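Written below as structure tokens is the structure these notes are about.
The values are calculated or read from the model by the stated rules, or taken from the named source; none is laboratory data. Note that the coordinates shown come from a computational prediction; the quantities given were computed from them, not determined experimentally. Cβ atoms come from the backbone with ideal geometry, glycine included; neighbour counts cover every protein chain shown.
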């Protein structure tokens, strides 16, 4: 699992702990959330949901 994905999962589960996430990732997520008018955890949930949907679509495409 990538550092980015671990960061999304941590934030999505409301366990956003700075020491567990790369500082650059934390800053990027903070800026992105502020730009979209969301909390960091809401932004991470949205991103993580998109990643899961993309993975599911990729799996379905492979099966077909």
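Right, residue 31: under 9 Å from the mean Cα position of the chain (by Cα), modelled with pLDDT of 80 or more and part of a helix (DSSP H, G or I) or not?
Numbers: under 9 Å from the mean Cα position of the chain (by Cα): no; modelled with pLDDT of 80 or more: yes; part of a helix (DSSP H, G or I): yes.
Answer is no for this residue.
Checked against the criteria, residue 38 does not count as in a helix (DSSP H, G or I), surrounded by 11 or more Cβ atoms within 10 Å (Cβ to Cβ) and at pLDDT 85 or above.
This table checks each residue for (1) in contact with a helix residue (DSSP H, G or I) (Cβ under 8 Å, 6 or more places away or on another chain); (2) at pLDDT below 65; (3) surrounded by 14 or more Cβ atoms within 10 Å (Cβ to Cβ).
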| residue | (1), (2), (3) |
| --- | --- |
| 7 | yes, no, yes |
| 13 | no, yes, no |
| 17 | yes, yes, no |
| 23 | no, no, no |
| 47 | yes, no, yes |
| 50 | no, no, no |
| 55 | no, no, no |
| 58 | no, no, no |
